[in-house]
Amino acid sequence: MLLDAPIDRIAAGRIIPPRPVEKKVAAASVVRSSQAALPDISQALAQARVLAAGAVNLEALAAAIASFDGCPLKFAGAATQAVVYRGVPDAVLMVIGDGPGQDEDRQGQPFAGRAGQLLDKMLAASGLAERVLMTNTVFWSAPGDRPPTPQQQAVCAPFLERAIALVKPKMLLLVGGAPAQALLKTEDGILSLRGRWHAWRSADGTIELPAMPTLHPAFLLRQPAAKKRVWADLLTLTERLDRPERP
Ligand code: URA
């Protein structure tokens, strides 16, 4: 019941605790300031979508990527050119790495360095060498060969999705934590993701493909004992790839 006159509850011996207004304000300002810290990628993303959608084949896509100025890596000082893809255009398997390094930047092709040579050997031994197309989540090398950030991957994602739509592979091999987390939209680590089938879906939901995460070949160069896990993953992959399709 509302009274006509206020009651002085302190004087009446009842202390009402103050409402936690300050805390609420502080929490809201933390959210605002962390949002403000993230770069606004909406314009770059919109431009990437338009450019990617206009590419009718892989050559046109590579040209569109080279013309795109929305990924900060292009201007971060390490990249001399866009590194887009290598392999057969009608590949049954797309191999997706994190991003080109210095060797790839020099040669203009993904997985051109020592890690790539090891990956090539493993794919050849699995009978996949002539059946793959390799690309990355970003298309410019980073200073210090740092892994790409989620924002850099996000602005490049329309190009990667367009590459997948053009190639129409049967499945994806995601090498390393950065591509696995970006494509599968998870924060789980590569050690828990690898060796199991996951579903990759395009942003517009029109494409769904089986995706196998595995360890990055650069990691295998440092930890050769881990090769057996990648062999196991490739075996799981080829078994599904070569399984006769049910009529
Ligand atoms: N590592 C990658 O993930 N991609 C490359 O192209 C080269 C090294």
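The values are calculated or read from the model by the stated rules, or taken from the named source; none is laboratory data. Because the structure is predicted, anything quoted here is derived from the model rather than measured. A quick note on method: Cβ atoms are made from the backbone with ideal geometry, for glycine too, and the neighbour counts reach across all protein chains shown.
Given the residues GLY108, GLY99, which is the only one that is within 15 Å of the ligand (Cβ to nearest atom) and touching a residue at least 40 places away in the same chain (Cβ under 8 Å)? Walk me through how you get there before you give the answer.
Working: GLY108 fails: touching a residue at least 40 places away in the same chain (Cβ under 8 Å).
Within the list GLY108, GLY99, the selection yields GLY99.
LEU73 falls short on exactly one of the conditions (1) surrounded by fewer than 17 Cβ atoms within 10 Å (Cβ to Cβ); (2) within 16 Å of the ligand (Cβ to nearest atom), and that condition is (1). Note on region 53-79: residues that are within 17 Å of the chain's Cα centre (by Cα) and either farther than 21 Å from ALA142 by Cβ or part of a loop (DSSP other than H, G, I, E, B) (or both) total 2. Of the residues that sit in region 199-215 and are buried (at least 17 other Cβ atoms within 10 Å of the Cβ) and touching a Pro at 6+ places or on another chain (Cβ under 9 Å), which one is farthest from PRO150 (Cα to Cα)? Only one residue fits best here, namely LEU209. Based on this model, can you work out whether ILE65 counts as away from the ligand (no atom under 12 Å from the Cβ), surrounded by 15 or more Cβ atoms within 10 Å (Cβ to Cβ) and modelled with pLDDT under 95? In short, no. Do we have any residue at all in region 166-189 that's surrounded by 15 or more Cβ atoms within 10 Å (Cβ to Cβ), more than 30 Å from ALA55 (Cβ to Cβ) and either within 14 Å of the ligand (Cβ to nearest atom) or of a type outside the set (Asp, Glu) (or both)? Checked against the condition, which is being surrounded by 15 or more Cβ atoms within 10 Å (Cβ to Cβ), more than 30 Å from ALA55 (Cβ to Cβ) and either within 14 Å of the ligand (Cβ to nearest atom) or of a type outside the set (Asp, Glu) (or both), region 166-189 yields no hits at all.
Please tell me if ALA115 is in a helix (DSSP H, G or I) and without any contact (Cβ under 8 Å) to a residue 24 or more places away in the chain. Give the steps one after another, and end with the answer.
Numbers: in a helix (DSSP H, G or I): yes; without any contact (Cβ under 8 Å) to a residue 24 or more places away in the chain: no.
Judged against the criteria, ALA115 is not a match.
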